[in-house]
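Could you have a look at this structure, given as structure tokens, before my questions?
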Amino acid sequence: MTGLRKAGLVTALAIAGLAPACNHLFAQDKAGSHKKTNIIIIVSDDHAYQAISAYGGKLAETPNIDRIAREGAIFNNACVTNSICGPSRAVILTGKYSHKNGFKDNLSTFNSGQDVFVKRLQAAGYQTAWIGKWHLGSKPQGFNYWQILPDQGMYYNPDFLMMDGSTKRVEGYATNIITDVAEDWLSGRDTTKPFCMVIGHKATHRTWIPDTTDLGKYDDRTFPLPDSFYDTYEGRYAAKHQDMNIAHTMRLGYDLKMMPDTGFGKGNYTRLNKAQRARFDAYYKPIEAELAAKHLSGNALTEWKFQRYLKDYLSTAAALDRNIGRILDYLDEHHLTENTMIVYLSDQGFYMGEHGWFDKRFMYEESLRTPMVMRYPGVVKPGTKINDFVLNLDIAPTCLDVAGVKAPAAMQGKSFLPVVTHTVNNWRKTVYYHYYESGEHSVIPHFGVKTQRYKLIRFYQDADKWELYDLQKDPHEMHNLYGEKGYEKIQTSLKTQLTAEIKHYDDKDAALVMKQNI
């Protein structure tokens, strides 16, 4: 069968009165046996939904990501459970929250020996591969093939850790190289078996270094400042005490390539080969000279940094979208499109100047929400829009569902196939979130619950604070309503829901904090 358990799907479709439409789901190969659906998961790093045109973003065009949405589904409320790079990947692999899979922050080491969905796919006859950014501090297990970037990896001439224990340096631009390796693996696989491949891109992670072909791509644009750009964080202790703002945290050299051959950013610059450096200097040196001549300070400098940040970030994202298009074209050219489910998502959201920030981590919308689109021909109707809450926690059980493999009881996520096929009514009503890392960018650990209208957040450890937002009236989360008159019942109800989520997901750390001060 093409990925759904046949009996269960027929029953569900029959209930919905759609049983005749399911016949195409069970295509057979030439030998008469049911062909299993291939799976491709593309995970980018720090790609904001605000920067994707399928989400209505006006910052840039992303035609290939948009194509997936147009030919399949777009998730308007896809969220992460812990908005940081490594933990998000651990959640995707295990279908478990960070406190269950053991990888709470980027200082952790992932236990690759635990149950991950690809091992179950292997047992079901799938070939599996992970190519690109891994960032979990351990060697992958459950994959027939892997070739991964060490730690964060480099944009230019990146090193790769190989399965034989060696390290291999490849000349070129990481986003292109990762796609090259992915295509090579697809071309060399055993074509009699289904496959599951995860493509992990470094883009668009800091320091946002574009491919030389994309330098200056957005130089003719002046981007509008977000409404909250000059946020003063009134009534929001944690927001005020962060260290991830464009004004003070973003570095001219490291982040924005002004005098990149000195200081903290030197490692990126010296890695360039002669030809790459010539292109790099030809583009950035005139910008550097112009900045020096302007003698900017205060808000004028901050706004200059914002413009440069977006131009570099979006130019870096251009190569990401282009290489997603390469994978789509490969599937078309090799007649794999109709029997392959492809999902694109970022490991979390990202700030594009909202609240004056870059980075992620917080439970606020730009960080919590991640872009996610999927295409599954014959199963997901083109142009489907999903407004239900779907989590990165759900990727693993969904992949197993597609393969006709039963998800283990320990998985905390749920297959979202019934959501995209509109065969379920009682779906997730809340999102539970828990961020642990203390110190980096001075973001205070916190957990919370989100409903369609409200969000309640509990900060702890470095500060004991609550925040409450009405997302309908205050979508930019500027006004903390916690403790305000008239919100007592809502506050109590949300605390009850938060307590229920903590119990449901067995988050003992959060339960202990709640007991200390209700």
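The values are calculated or read from the model by the stated rules, or taken from the named source; none is laboratory data. All figures in this text were calculated on a predicted structure; none of them were measured in a lab. We place every Cβ from the backbone using ideal geometry, glycine too, and count neighbours over all the protein chains shown.
Inspect the range 371-381 for any residue being of a type in the set (Phe, Trp, Tyr), assigned to a loop (DSSP other than H, G, I, E, B) and either at pLDDT 95 or above or within 25 Å of ALA124 (Cα to Cα) (or both) and give the result as yes or no.
As a first pass, look at the range 371-381 and keep what is of a type in the set (Phe, Trp, Tyr): 376.
From what's left, assigned to a loop (DSSP other than H, G, I, E, B): 376.
This time we only want the ones that are either at pLDDT 95 or above or within 25 Å of ALA124 (Cα to Cα) (or both), so: 376.
Within the range 371-381, one or more residues are of a type in the set (Phe, Trp, Tyr), assigned to a loop (DSSP other than H, G, I, E, B) and either at pLDDT 95 or above or within 25 Å of ALA124 (Cα to Cα) (or both).
Another one. Step by step: first the residues of the range 87-103, then only those that are over 15 Å from the mean Cα position of the chain (by Cα) and among the basic types (Lys, Arg), then the one that is farthest from ASP507 (Cα to Cα). Which residue is that?
Per the stated criteria, the residue is LYS96.
Could you list, in sequence order, the residues of the range 425-454 that are crowded, with 16+ Cβ neighbours inside 10 Å and either among the small types (Gly, Ala, Ser) or not in a strand (DSSP E or B) (or both)?
ARG428, THR430, TYR436, GLU437, HIS441, VAL443, ILE444, PRO445, GLY448, THR451, listed by residue number.
Can you confirm whether TRP130 is in contact (Cβ under 8 Å) with a residue 60 or more places away in the chain, buried (at least 17 other Cβ atoms within 10 Å of the Cβ) and not in a loop (DSSP other than H, G, I, E, B)? Working first, answer last.
On the way: in contact (Cβ under 8 Å) with a residue 60 or more places away in the chain: yes; buried (at least 17 other Cβ atoms within 10 Å of the Cβ): yes; not in a loop (DSSP other than H, G, I, E, B): yes.
Here the answer is yes, as TRP130 does meet what is asked.
Determine whether the range 55-71 contains at least one residue that is among the aromatic types (Phe, Trp, Tyr) and surrounded by fewer than 24 Cβ atoms within 10 Å (Cβ to Cβ).
To start, the set of residues in the range 55-71 that are among the aromatic types (Phe, Trp, Tyr) comprises 55.
Imposing the further condition that a residue be surrounded by fewer than 24 Cβ atoms within 10 Å (Cβ to Cβ) reduces the set to 55.
There is at least one residue in the range 55-71 that is among the aromatic types (Phe, Trp, Tyr) and surrounded by fewer than 24 Cβ atoms within 10 Å (Cβ to Cβ).
Report every pair of residues separated by at least 6 positions or lying on different chains whose Cβ atoms are under 9 Å apart, first residue within the range 257-282 and without any contact (Cβ under 8 Å) to a residue 24 or more places away in the chain and outside the structural domain of MET154 (by TED's automatic domain parsing), second of a type in the set (A, V, I, L, M, F, W, C) and part of a helix (DSSP H, G or I).
TYR269/PHE280
Something else now. What are the residues in the range 176-224 that are touching a Lys or Arg at 6+ places or on another chain (Cβ under 7 Å), part of a helix (DSSP H, G or I) and crowded, with 20+ Cβ neighbours inside 10 Å, if any?
THR179
Out of ASP394, ASP401, I need the residue that is surrounded by 24 or more Cβ atoms within 10 Å (Cβ to Cβ) and modelled with pLDDT of 95 or more. Which one?
On the way: ASP401 fails: surrounded by 24 or more Cβ atoms within 10 Å (Cβ to Cβ).
Within the list ASP394, ASP401, the selection yields ASP394.
Which numbered condition in (1) free of Cβ contacts under 8 Å to residues at least 40 places away in the same chain; (2) exposed (fewer than 12 other Cβ atoms within 10 Å of the Cβ); (3) of a type in the set (Asp, Glu) is the only one that GLU288 fails?
Exception for GLU288: condition (2).
Please work out which residue is farthest from TYR469 (Cα to Cα), limiting yourself to the range 480-504 and to residues that are in contact with a strand residue (DSSP E or B) (Cβ under 6 Å, 6 or more places away or on another chain) and not in a helix (DSSP H, G or I).
Filtering first and then ranking leaves TYR482.
State all residues of the range 73-93 that are of a type in the set (A, V, I, L, M, F, W, C), part of a loop (DSSP other than H, G, I, E, B) and under 14 Å from HIS135 (Cβ atoms); if no residue qualifies, say none.
Quick first cut of the range 73-93, residues of a type in the set (A, V, I, L, M, F, W, C) only: 73-75, 78-80, 84-85, 90-93.
So of that shortlist, the ones also part of a loop (DSSP other than H, G, I, E, B) come out as 80, 84.
Within the range 73-93, just ILE84 meets the criteria.
If you check LEU512 against the conditions, is it among the aliphatic types (A, V, I, L, M), outside the structural domain of GLY383 (by TED's automatic domain parsing) and exposed (fewer than 12 other Cβ atoms within 10 Å of the Cβ)? Give the derivation first.
On the way: among the aliphatic types (A, V, I, L, M): yes; outside the structural domain of GLY383 (by TED's automatic domain parsing): yes; exposed (fewer than 12 other Cβ atoms within 10 Å of the Cβ): yes.
Considered against the rule, which asks whether it is among the aliphatic types (A, V, I, L, M), outside the structural domain of GLY383 (by TED's automatic domain parsing) and exposed (fewer than 12 other Cβ atoms within 10 Å of the Cβ), LEU512 comes out as yes.
For ASN323, indicate whether it is at pLDDT below 95, assigned to a helix (DSSP H, G or I) and either buried (at least 22 other Cβ atoms within 10 Å of the Cβ) or in the same structural domain as ASN245 (by TED's automatic domain parsing) (or both). Give the steps one after another, and end with the answer.
Numbers: at pLDDT below 95: no; assigned to a helix (DSSP H, G or I): yes; either buried (at least 22 other Cβ atoms within 10 Å of the Cβ) or in the same structural domain as ASN245 (by TED's automatic domain parsing) (or both): yes.
It is false that ASN323 is at pLDDT below 95, assigned to a helix (DSSP H, G or I) and either buried (at least 22 other Cβ atoms within 10 Å of the Cβ) or in the same structural domain as ASN245 (by TED's automatic domain parsing) (or both).
Please find, among GLU288, GLU338, the residue that is modelled with pLDDT of 95 or more, within 23 Å of CYS399 (Cβ to Cβ) and among the acidic types (Asp, Glu).
GLU338
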